[in-house]
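Step one of this worksheet: look at the structure below.
The values are calculated or read from the model by the stated rules, or taken from the named source; none is laboratory data. Worth saying up front: this structure is predicted, and the values here are computed from it rather than measured. Cβ placement follows ideal geometry from the backbone for every residue including glycine, while neighbour counts extend to all protein chains displayed. The area values use the complete protein model at the heavy-atom level, side chains included, leaving out ligands, DNA and RNA. Shrake-Rupley method; radii C 1.70, N 1.55, O 1.52, S 1.80 Å.
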Amino acid sequence: MIKKATSVLKYTFSLGLALALLYLAFRNVDFSEFIEKSRQVNYTWVIVSILLSLVAYYARAYRWNILLKPLGYPNLNVHKTNLAVLVGYLANLAFPRLGEVTRCGMMKRSDDVPVSTSLGTVITERIIDLFTLIALILLALVLEYDRLIEFLTNIFSGLQDVEGLMWKAGMLIVIGGAAVLILGYVLYVKNDKIRSFIKDLIRGILSLKDVKNRWGFVLSTIVLWVTYYFMSYIIVFSIPETAHLSWVAGIMLLVTGGIALAVPVQGGIGTYHAFISAMLVLYSVEKTTGVFLATLLHTSQIVAIAIFGGIALLASVFIKKNNEPDRTEDRPQK
């Protein structure tokens, strides 16, 4: 009962935050102009962006296989792994971060990879992506220092007593984290299954140190983020008012979108629209146009996930579970 109540509260909070930010993004928007702009869009660029997303999905699946290989799963099929990734993205539209667990469950079903092990590698993936985003933010600081600082100032200027709010949030995180650690330790000592799960989770997190195909891991990460860049940047050419934006503005789009999607709301709804439109104002893009482009960018990504994720979900129904996975020396013995 407590677990269900907590899930409902988390969902309600994230949905409320999404709606609040969506309201802030769309207030004072001229909807008649908004509709008129939709008729002027060159949808060829949008379609190309959606098709490019397939490259990003496969790059992520390929990189995930590289992390799982040293853990005793050397013969994973990138196409099946990609199905798991796509279904995970689809699940994220329903609830923030649900996709990580969902795709791990898919890998358990198709290739008998323990959820605890694959979840550890997903955490490693997220850490790598976080450092990549930080590197891109630093690059944006070098290229567009004034604009990036102004954007961050504008985003947080509406908050009252930011320092006090951050202090309270920090204390809550520390207290909550300590409680989770204490509870986790008690369960770890008392329960063999919990102990086994945590060991597999840590083993998955540390999988990066055992990766043999390091160049493949690095190149797939580069391909992933370069594809993300072009997916967002080429859409600026779909409407005349933003077609003049330079490649540097494309980096700002990528960075701003990455920050927006890091906020735990369903599919980045609200945060993406508010952040992207606020950033575009710094390039003298009128607010209605900025919100429209943000909506076009976000909707194209949602459409890609809905189409490809839906197909992957259907395809996964016909995939037989691998009941006889290859055994290797690296496979943990249960």
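Could you go through region 94-99 in sequence order and give the Karplus-derived ³J(HN,Hα) for each residue, using 6.51 cos²θ - 1.76 cosθ + 1.60 with θ = phi - 60°, rounded to whole Hz, and x for Gly and Pro?
7, 8, x, 6, 5, x
For region 139-145, in order, what is each residue's ³J(HN,Hα) by Karplus, 6.51 cos²θ - 1.76 cosθ + 1.60 with θ = phi - 60°, in whole Hz (x at glycine and Pro)?
Along region 139-145, the couplings run 5, 5, 4, 5, 7, 9, 4 Hz.
So what J values fall out for region 307-312 if you push phi through Karplus, 6.51 cos²θ - 1.76 cosθ + 1.60 with θ = phi - 60°, rounded to Hz, Gly and Pro as x?
Values per residue, Gly and Pro as x: 5, 6, x, x, 4, 4 Hz.
Which order do the peptides 113-121, 65-73, 302-310 take when ranked by the mean count of other beta-carbon atoms within 10 Å per residue, highest first?
Most protected by this proxy first, the peptides run 113-121, 65-73, 302-310.
Rounded to the nearest percent, how much of the accessible area of region 212-283 (1.4 Å probe, protein heavy atoms only) is carbon and sulfur?
Using a 1.4 Å probe with all protein chains present, region 212-283 comes out at 78 percent carbon and sulfur.
5 Å is the cut-off here: which amide hydrogens, built 1.01 Å from N in the peptide plane, fall below it relative to ASP112, excluding neighbours closer than 5 in sequence?
ASN322
Which of the peptides 84-90, 36-42 is most tightly packed, and how do the rest follow, going by the mean number of other Cβ atoms within 10 Å of each residue?
84-90, 36-42
State in Å² the accessible area per residue of region 42-141; use a 1.4 Å probe, count heavy atoms of protein chains only, and round to the nearest integer.
In whole numbers, region 42-141 has 38 Å² accessible per residue.
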